[in-house]
Amino acid sequence: MDEKDRQIERLFDDYASSLEPNEQLANRAKQKMQSKRKAKKRPIFWVGFACACAAAVAVAVFSVSSFFGSDDLAGNNSDNSANSAPPIRPAPAVQSYSISDVRAVSVDYGFANDYINTTGLDGAEVFSQSYYACYIKDTNEFAYLKAVLGVSYNGGNIQMSVVAEMPEYANKEREQDYGSLTVGTGYKYYTEYINGEYVTMAYCKTEDCKYYVSAMGNAKGAQDVVAEIIGQNN
């Protein structure tokens, strides 16, 4: 990310911190997340329902074929294409955006808790927190949640930025900043010690979203706190 983009993001953060909560937009994004979670549970019911339907259809076909005879059902058409597997649909296209394409709405922890957890942390305590739901300006579609956290840990303090981005959106500048960490799935991070502070960059891709985390402070082991906040400490 070049200096111009960094300035835009800083201005964006300053602007976001002055916003009042917008319940209507926040509720829309929360409902979207909840519907995704409900969708995960549906296949179990539908598999059972599909199996029952398949059994019923099989009995019906057997009964009809016994009555009419298999030749009557087959007809003169020997094409078996109807029994072939349906074509695989491609995954939906990912929409790229820049920081200037989004607008932020201040939200509370009740909204943010669908994406991150900052309570009951092992050996860590959040002493400051701000949350923003970020929407694409042109469509009002929810793109990502941003959390700005202050965390005390290991006798020191950590300033942390957490972005939980929806899988259908991508900020290319952010991806470039995180480099090889964004390749593949699973929780990945690296830590450097610079001018007396630990600087940690972390990334994780899940079914629900992509996490981009940056942390800086005088406390060692920020990667463990980050893993717990984004639910990857198991």
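By how many nm would the segment from Ser128 to Thr185 lengthen if fully extended, with 0.36 nm per residue of separation less the alpha-carbon distance?
17.6 nm
Any chance you could check the Cα centroid distance between the stretch 135-152 and the stretch 169-234 for me, in angstrom?
If you average the Cα positions of each part, the centres end up 17 Å apart.
If I compute solvent accessible area with a 1.4 Å probe over the protein chains, what percent of it on the stretch 101-186 is carbon and sulfur?
On the stretch 101-186, the fraction of accessible area on carbon and sulfur atoms equals 42 percent.
The values are calculated or read from the model by the stated rules, or taken from the named source; none is laboratory data. Everything numeric here is computed off the predicted structure, so don't read it as measured data. Heavy atoms of the whole protein, side chains included, go into the accessibility calculation; ligands, DNA and RNA do not. Shrake-Rupley method; radii C 1.70, N 1.55, O 1.52, S 1.80 Å.
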